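So the structure is just underneath, and the comments pick up after that.
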Amino acid sequence: MLAASAPGAPREQVVHGDGLAVMVERMPPPERRAVVLIDPSYEVKSDYRTVVEALVEAQRRFRTGTFLLWYPVIERARTDALLAALHAAGMPSQFRVELGLRPDAPGHGMTAAGVVVINPPWTLPEAAATGLPWLAAALGAAGPVVAAWLVPPAS
């Protein structure tokens with residue numbers, strides 16, 4: 001079905017396999033700039049670890065790329081461990097945006113979602129600081145609202 005959505009698109013491919021491994025294998029792309037969206041299933045709990053390892057290697061191979069890593073907040077401790085691993089990974093310039101529709105709670109169910117942007121555009125922090133509170137209010141969000149540097153850019 002995915003392959004049928006873009007028939008004949010020369011720059012698009014559908015690959016069946018381990019998406020994280022394929023991402024690393026394809027770095028760097030022929031272009032000098034690109035945005036890479038990473039959306040693991042997180043159904044396999046080891047994804048929280050392997051996504052960091054793959055992202056570190058992909059960013060090492062493609063330093064000028066912008067990487068967007070989506071994450072769910074289902075268990076805050078698991079999310080905090082993912083964010084701590086990203087922080088400790090040594091990649092500069094990591095900006096985090098998270099919106100919680102509900103307060104964190106024990107049990108199952110996603111209460112929030114976020115994205116960590118590696119090498120973000122310079123306009124993102126200001127846009128997120130302005131737009132995220134507006135979006136949270138419009139949605140009646142009652143959970144965490146975060147727009148902050150996880151790792152600031154190297155000066």
Worksheet, complete the sentence: With Cα springs under 10 Å, the Gaussian network model of the chain assigns the largest mean-square fluctuation among 136, 113, 127 to 127
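Determine the gain in length on full extension of the stretch residue 80-residue 129; use 0.36 nm per residue of separation and subtract their C-alpha separation, reporting nm with one decimal.
Between residue 80 and residue 129, full extension yields an extra 15.5 nm.
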Practice prompt. Keeping the other protein chains in place, figure out the carbon and sulfur percent of the accessible area of the chain, with a 1.4 Å probe.
Written response: 61
Discussion item. Please list, by residue number, everything in segment 104-123 whose backbone N is under 12 Å from a paramagnetic label point 7 Å out along Cα→Cβ of residue 142.
Written reply: 104-105
Item to complete: In debye, nearest 20, what is the charge dipole magnitude of segment 64-155 about its Cα centre with +1 on Lys and Arg Cβ and -1 on Asp and Glu Cβ, if you could check?
Response: 60
Worksheet item: Can you give the angle from 0 to 90° between the axis of helix 47-61 and the longest principal axis of the chain, with both taken from C-alpha atoms, to the nearest 10?
Response: 50
Worksheet item: At what distance in angstrom do the alpha carbon centres of segment 54-97 and segment 35-50 lie from each other?
Response: 10
Worksheet item: Highest GNM mean-square fluctuation, the chain, Cα pairs closer than 10 Å: which of 103, 30, 120?
Response: 30
Worksheet entry | Charge dipole (debye, nearest 20) of the chain; +1 at Cβ of Lys and Arg, -1 at Cβ of Asp and Glu | 300
Discussion item. Suppose we take every Cα in segment 45-155 and form the convex hull; what volume per residue is that in Å³?
Written reply: 89
Discussion item. Over segment 25-89, with the other protein chains present, what is the accessible area per residue in square angstrom, probe 1.4 angstrom?
Written reply: 56
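Could you give the length gained by full extension between residue 155 and residue 22, i.e. 0.36 nm per residue of separation minus their alpha carbon distance, to one decimal place? Could the numbers behind the result be given before it?
Numbers: separation 133, 0.36 × 133 = 47.88 nm, distance 3.21 nm.
So the chain would gain 44.7 nm between residue 155 and residue 22.
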Discussion item. Using +1 at the C-beta of Lys and Arg and -1 at the C-beta of Asp and Glu, which of 144, 38, 124 has the Cα lying farthest in the positive direction of the dipole of the chain?
Written reply: 124
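The values are calculated or read from the model by the stated rules, or taken from the named source; none is laboratory data. Everything numeric here is computed off the predicted structure, so don't read it as measured data. Here Cβ is always computed from backbone atoms with ideal geometry, including for glycine, and neighbour counts include all displayed protein chains. For accessibility, only protein heavy atoms count, side chains too; no ligands or nucleic acids. Shrake-Rupley method; radii C 1.70, N 1.55, O 1.52, S 1.80 Å.
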